[in-house]
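For reference, the structure is listed below as structure tokens.
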Amino acid sequence: MALEHEITAISVTVPDIPQGRLMFEGVDMANGPTFSTSTVSKVFFARTGYWLRWRERIGSTVLDGVPVQPGRSASHIRQFTLADIERIAYALREDDVLTLEQLVKTLRALAAVGRIHDLII
């Protein structure tokens, strides 16, 4: 499997995942969906919100030296975009937290949501 992207050396080839770059790289996320820490953890990683916050604290969500920094809602709740979640997934795989199979499942879920919201084809 080989989805080569410019950011890391992780490679995966999956027919329904865009090749050669991050799916949401350069995509305007302003009108896309956002997700809370708890939702990201449960829906995309089948874990608790505590687990994701812990992974952030120990540096597992840093991809190529850049930590994923979610935005905040008007009420100061952290809000992750699909692009944020994609970068977290690759960072977790790079840190051997996710298996390749878990990464592919997460990327497929992200792609499905991105297509529903007309962010990707």
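What is the residue count in segment 94-121 for residues that are at pLDDT 95 or above and basic (Lys, Arg)?
So the answer is 0.
Within segment 63-99, which residues are among the aliphatic types (A, V, I, L, M), free of Cβ contacts under 8 Å to residues at least 40 places away in the same chain and touching a helix residue (DSSP H, G or I) at 6+ places or on another chain (Cβ under 6 Å)?
Hit for segment 63-99 is Val68, nothing else.
Pick out the one residue from Asp64, Asp28, Asp16 that is more than 12 Å from the chain's Cα centre (by Cα), at pLDDT 90 or above, exposed (fewer than 15 other Cβ atoms within 10 Å of the Cβ) and among the acidic types (Asp, Glu).
Numbers: Asp64 fails: at pLDDT 90 or above; Asp16 fails: at pLDDT 90 or above.
On inspection, the qualifying residue turns out to be Asp28.
Considering only residues that are assigned to a loop (DSSP other than H, G, I, E, B) and surrounded by fewer than 18 Cβ atoms within 10 Å (Cβ to Cβ), which ones fall in segment 71-96?
Of all residues in segment 71-96, those assigned to a loop (DSSP other than H, G, I, E, B) come to 73-77, 81, 95-96.
Residues satisfying the conditions are Ser73, Ala74, Ser75, His76, Ile77, Asp95, Asp96.
Sort out which residues of segment 100-121 are in contact (Cβ under 8 Å) with a residue 60 or more places away in the chain, more than 17 Å from Val43 (Cβ to Cβ) and either exposed (fewer than 13 other Cβ atoms within 10 Å of the Cβ) or not β-branched (Val, Ile, Thr) (or both), and write them in order of number. Full working, then the answer.
Initially, segment 100-121 is screened for residues in contact (Cβ under 8 Å) with a residue 60 or more places away in the chain, giving 100, 103-104, 106-111, 113-114, 117, 119-120.
In the following step, the residues that additionally are more than 17 Å from Val43 (Cβ to Cβ) were identified as 100, 120.
Passing the criteria: only Leu100.
The values are calculated or read from the model by the stated rules, or taken from the named source; none is laboratory data. Just so we're clear, the structure is a prediction, and the values are computed from it rather than from any experiment. Cβ sites come from the backbone with ideal geometry, for glycine too, and all protein chains shown count toward neighbours.
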